Amino acid sequence: MPAAPSHPPARPFFLQAKPGKRFCLYHPPQGATRGMVLHLPAHAEEMNKSRRMVARQARLLAQHGIGVLQLDLYGCGDSEGDAADARWDIWRADAECALAWLRTQADIAPTLWGLRLGALLALDVARKRNDLASLLLWQPVTDGAAYLTQFLRLKLAADMLAAGKGEAGGVDALRRRLAEGAALEIAGYALAPALAAAIDDIALAGMVRPECAVQWLDVVPQAGRAMPQARAAAAARCVEQGWQLSTQTIHGPAFWSSQEITEAPALLDASLALLMKEPA
């Protein structure tokens, strides 16, 4: 990679959306603009664990002429709204609003860069658009129901530690409480029944084929290790359905879920290389 020049600091601002405003951090491109990217973050604690990686990637892209808009979705991060009020439809509208803002900065087809649950959101947004340059997916969640189960298990584990026992009936009981309209507090994040139901219903398998190319990057713990079989099969099914999908494994730690804040430098370089190949 060429040496990266310095670049202006990121510009924080609040973007008017509905309802309320969203906190954004814009990394303007330095020099000639090669591309524009909207980042859709991971969910809950995974978003916090990923902040350093996302910030590093955004700065690196901006240094090479690719502007990046980081967006805190409704009820998340520094945006308005409580986590209990977050809804999938609002998040999708947030992404549309942010894409419209990006087009005011440069008349360039934007890329959607989604991380974990944000990758599913990116795919959901892309199904109704034909003006995207590409999709960059970092460790995408492929099945919302499985992700929700994993998230609910965090509550069971926390209850076990706090009181020596978890919810009677396990995950199924928590799902019943959500179905009955009860919000849950999980690892410090409120989860509303409506959002849980939306996450439960969304999966890669049900996605409409995007009109643009999709780059899927998975992080693996050992160099040269292949993508896990189930994820590789999910990607293969997309290709069979005509997706312009490429997959790549990158050696590094699971920074979105590790106990300490960690980084996967190879993922940054791989993402930059992919986006630099796209037409300016």
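The values are calculated or read from the model by the stated rules, or taken from the named source; none is laboratory data. This one's a predicted model, so the numbers in the text were calculated from it and none came from an experiment. Counting neighbours? That spans all protein chains shown, and the Cβs are built from the backbone with ideal geometry, glycine included. Note: areas computed on protein heavy atoms with side chains; ligands, DNA, RNA excluded. Shrake-Rupley method; radii C 1.70, N 1.55, O 1.52, S 1.80 Å.
At a glance:
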| read-out | value |
| --- | --- |
| Cross-link partners of LYS155 among lysines (Cα-Cα below 17 Å; sequence separation of 8 or more within a chain) | LYS165 |
| Difference of contour (0.36 nm per residue) and Cα-Cα distance, HIS251 to GLU45 | 71.9 nm |
| Length-normalised contact order of region 176-264 in % [C-alpha pairs under 8 Å, at least 6 apart] | 25 |
| For region 1-74: rounded, prolate or oblate by the Cα gyration tensor [a/c cutoff 1.5] | oblate |
| Percent of beta bridges antiparallel (DSSP, region 20-169, rounded to nearest 5) | 20 |
| Inter-centroid distance (Cα atoms) of region 1-72 relative to region 108-146, Å | 16 |
| Percent antiparallel among DSSP beta bridges (both partners in region 102-193, rounded to 5) | 40 |
| Separation in nanometres of the label points that stand 7 Å from Cα toward Cβ, at ALA182 and ALA205 | 2.9 |
| Accessible-area ranking of LYS277, LYS49, largest first, probe 1.4 Å | LYS277, LYS49 |
| Net +/- balance of residues flanking LEU99 in space, Cβ distance below 9 Å, scoring K and R +1, D and E -1 | 0 |
| In region 113-214, GluC sites (Glu not before Pro) in a DSSP loop with at most 14 other beta-carbon atoms within 10 Å | GLU180, GLU211 |
| Label of the coordinate-derived value, Cα Rg over 2.2 N^0.38 Å, listed as [x] 0.99; [y] 1.21; [z] 1.26 | [x] |
| Over region 92-213, volume per residue of the alpha carbon convex hull, in Å³ | 115 |
| Computed E for LEU161/ALA226 - FRET, C-beta separation, R0 45 angstrom, nearest 0.05 | 0.80 |
| Max mean-square fluctuation residue, GNM over the chain, Cα-Cα springs under 10 Å, options ASP72, ASP85, ASP201 | ASP201 |
| Net dipole in debye of the chain [+1 Lys, Arg Cβ; -1 Asp, Glu Cβ; about Cα centre; nearest 20] | 400 |
| Charge-dipole axis of region 40-153 as Lys and Arg at +1 and Asp and Glu at -1 on Cβ define it, positive-most pick from ILE108, PHE151, MET53 | MET53 |
| Peptide ranges 114-122, 75-83 listed from the most packed, as the mean C-beta count within 10 angstrom indicates | 114-122, 75-83 |
| Using a Förster distance of 22 Å, the FRET efficiency for ALA106-GLN16 (Cβ separation, nearest 0.05) | 0.65 |
| Å² per residue, accessible surface of the chain at 1.4 Å | 45 |
| Value of relative contact order over the chain, rounded to a whole percent, pairs C-alpha under 8 Å and six or more apart | 18 |
| Helix runs (DSSP H) in the chain reaching 27 Å along axis by Cα, Kyte-Doolittle at least 0.5 | 144-163 |
| With every protein chain in place, region 105-228: carbon and sulfur % of accessible area (1.4 Å) | 51 |
| Positive dipole terminus of region 173-280, leading residue within ILE199, PRO228, LEU245 (C-beta point charges) | PRO228 |
| Two-site FRET efficiency, GLU240 against THR149, from Cβ-Cβ distance with R₀ of 30 Å, rounded to 0.05 | 0.65 |
| Cut-off 11 Å between beta-carbons: net charge of the residues surrounding ARG34, Lys and Arg +1, Asp and Glu -1 | 0 |
| Anchor LYS277: lysines whose Cα lies under 21 Å away (excluding residues fewer than 8 positions away in-chain) | none |
| DSSP beta bridge pairing in the chain, given as percent antiparallel to the nearest 5 | 35 |
| Region 49-158, dipole about Cα centre (Lys/Arg Cβ +1, Asp/Glu Cβ -1), debye to the nearest 20 | 500 |
